[in-house]
1. Looking at (1) farther than 15 Å from residue 78 by Cα; (2) in contact (Cβ under 8 Å) with a residue 12 or more places away in the chain; (3) assigned to a helix (DSSP H, G or I), find the lone condition where residue 5 falls short.
2. Identify, from the list 140, 193, the residue that is in a loop (DSSP other than H, G, I, E, B) and under 16 Å from residue 35 (Cα atoms).
3. Being assigned to a loop (DSSP other than H, G, I, E, B) and of a type in the set (A, V, I, L, M, F, W, C): is that true of residue 160 here?
4. Looking at (1) farther than 29 Å from residue 184 by Cα; (2) within 16 Å of the chain's Cα centre (by Cα); (3) in a loop (DSSP other than H, G, I, E, B), which one does residue 65 not meet, given that it meets all the others?
Amino acid sequence: MTAVAQPTSVVIHPSGLMEGRNGEYNKYLGDLAGVYQDATAYEAELAAKGADTLVYRVEENRVGSGEGALILGTSTVLPGKIGREYALTRGHIHAKASRAEIYYCIAGHGVMLLETIDGQSQAWEMTPGTAVHVPGHWIHRSVNVGPEPLCTVFIYDEDAGQDYGIIGRAGGMAQLIVDDGAGGWQAEPNPNHRGYQAR
């Protein structure tokens, strides 16, 4: 007889801290080489702040594994910019591309940047109370466009996996989320984007 996973409960704070997490990881400035479009600005920021400067963190609660199991977690992106581009996560498509994901903003001001391999691109603004449903087959990335940490709660299938390399192979996502020069943000084309090719 297959063992049945046991229910759990977590407490999620507006800071993104999750009481009851059983996994976590941090991404530092030094981990994000090649992620930002402006390589010169990235190198200058790296030299000024150091490779161990925290950019974002992820905390998660996993219960069980395989089909039907879910991962509940939080993503916290600290504020900042590299050149004109706002602080962001590496972004990914799920290794099982049909798997969807839900993001619910609990603090801060952000953008969920989404695109498909066939060229669709969207940017959805996130403020506390906003949920973004990312269907399967959409590449997605969180961007912090505000002065405070952007904290989101996410949930997706445990067996989804991630392909983080797809964006790098394409020269970045098709759109960049940048400072509009008037205190806000805008999406603009990424001049380095080469399109998504079959592996």
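Values in this text are rule-based calculations from the coordinates and carry no lab data. Treat the numbers as computed from the prediction; the structure is a model and nothing was measured. FYI the Cβ positions are ideal-geometry reconstructions off the backbone, even for glycines, and counts take in every protein chain you see.
1. If we test residue 5 against (1) farther than 15 Å from residue 78 by Cα; (2) in contact (Cβ under 8 Å) with a residue 12 or more places away in the chain; (3) assigned to a helix (DSSP H, G or I), just (3) comes out false.
2. The match here is 193.
3. yes
4. So the condition that residue 65 fails would be (2).
Rundown of residues vs (1) charged (D, E, K, R); (2) touching a strand residue (DSSP E or B) at 6+ places or on another chain (Cβ under 7 Å); (3) surrounded by 18 or more Cβ atoms within 10 Å (Cβ to Cβ), yes/no style:
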site	(1), (2), (3)
73	no, yes, yes
78	no, yes, no
89	no, yes, yes
93	no, yes, yes
97	no, no, no
115	yes, yes, yes
120	no, no, no
